[in-house]
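K.L.:
Provided herewith is a single structure, encoded as structure tokens, for subsequent inquiry.
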Ligand SMILES: Nc1ncnc2c1ncn2[C@@H]1O[C@H](COP(=O)(O)OP(=O)(O)OP(=O)(O)O)[C@@H](O)[C@H]1O
Ligand SMILES: [Mg+2]
């Protein structure tokens, strides 16, 4: 392989002679919606039925992206401008697309990404009020226009997501700069996500993520399977979980 994967761990392998084009699935939603948890469980299920899968995340997913992630999440960077923030996210994304996602897709791997370009539109655009058209152009440049085949929006009221995060943080998980934003900001982000989903219904699926984790995972699983089938990706063990 011509690249090394960091964070993007290969957790499955398929023997089937499927198309040599993978599927690109992204998970979006506010903090505490369950993106990381659900994406991990979906990755496990997909590899469990014989698919080659990588799970990666934004910002990060490459050595350069991880250094950028550190800058973005550091407590002491409270004076970061929205413009600097969007360019840093975009830099991390540009690296991830070219170093990890495109090569994996070319090998027929299913790529699951925990946040992607839509996070920029929702957070920096709808949340912080930057020009969404400009953000789309920056994002198209950063991603080389690579768009997901399926984007799952885990939709929860901000209060629910933040409460989950707070609980997780008390249990010893990371607590970062982005968590201390005001509630109104998160309401705008949520509305932004829903607007994006409405604009492009063929790509987006909105899942009510306020319910129990197991039901959320099951619902997302059905959506992922339907999307892979629609794409013509041969599914091993379609009837299995
Ligand atoms: N449906 C659910 N019901 C109850 N708890 C949940 C549910 N989904 C996730 N959680 C819990 O909420 C916390 C946050 O979940 P997770 O880290 O997956 O969210 P996230 O969307 O990745 O958040 P962030 O944007 O902050 O990374 C975790 O402790 C997780 O176990
Ligand atoms: Mg997460």
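The values are calculated or read from the model by the stated rules, or taken from the named source; none is laboratory data. Predicted, not measured: the structure shown is a model, and the values here were computed from it. As a convention, Cβ positions derive from the backbone with ideal geometry for all residues, glycine included, and neighbour counts pool all protein chains shown.
K.L.:
Search segment 49-72 for residues being surrounded by fewer than 19 Cβ atoms within 10 Å (Cβ to Cβ) and free of Cβ contacts under 8 Å to residues at least 40 places away in the same chain, and hand back the single one that is nearest to ligand 2 (Cβ to nearest atom).
P.N.:
Checked segment 49-72; the qualifying residue nearest to ligand 2 (Cβ to nearest atom) is 70.
K.L.:
Determine, yes or no, whether residue 108 is modelled with pLDDT under 95 and within 16 Å of ligand 1 (Cβ to nearest atom).
P.N.:
Details: modelled with pLDDT under 95: yes; within 16 Å of ligand 1 (Cβ to nearest atom): no.
Taking the combined requirement at face value, the residue does not satisfy it.
K.L.:
Can you list the helices (runs of 4 or more DSSP H) found entirely within segment 96-208 that contain at least 2 residues being more than 16 Å from ligand 2 (Cβ to nearest atom), touching a residue at least 40 places away in the same chain (Cβ under 8 Å) and in contact with a helix residue (DSSP H, G or I) (Cβ under 9 Å, 6 or more places away or on another chain)? Spell out the reasoning first.
P.N.:
On the way: elements: 102-106, 117-120, 132-143, 158-170, 183-199.
Filter on segment 96-208 gives 132-143, 183-199.
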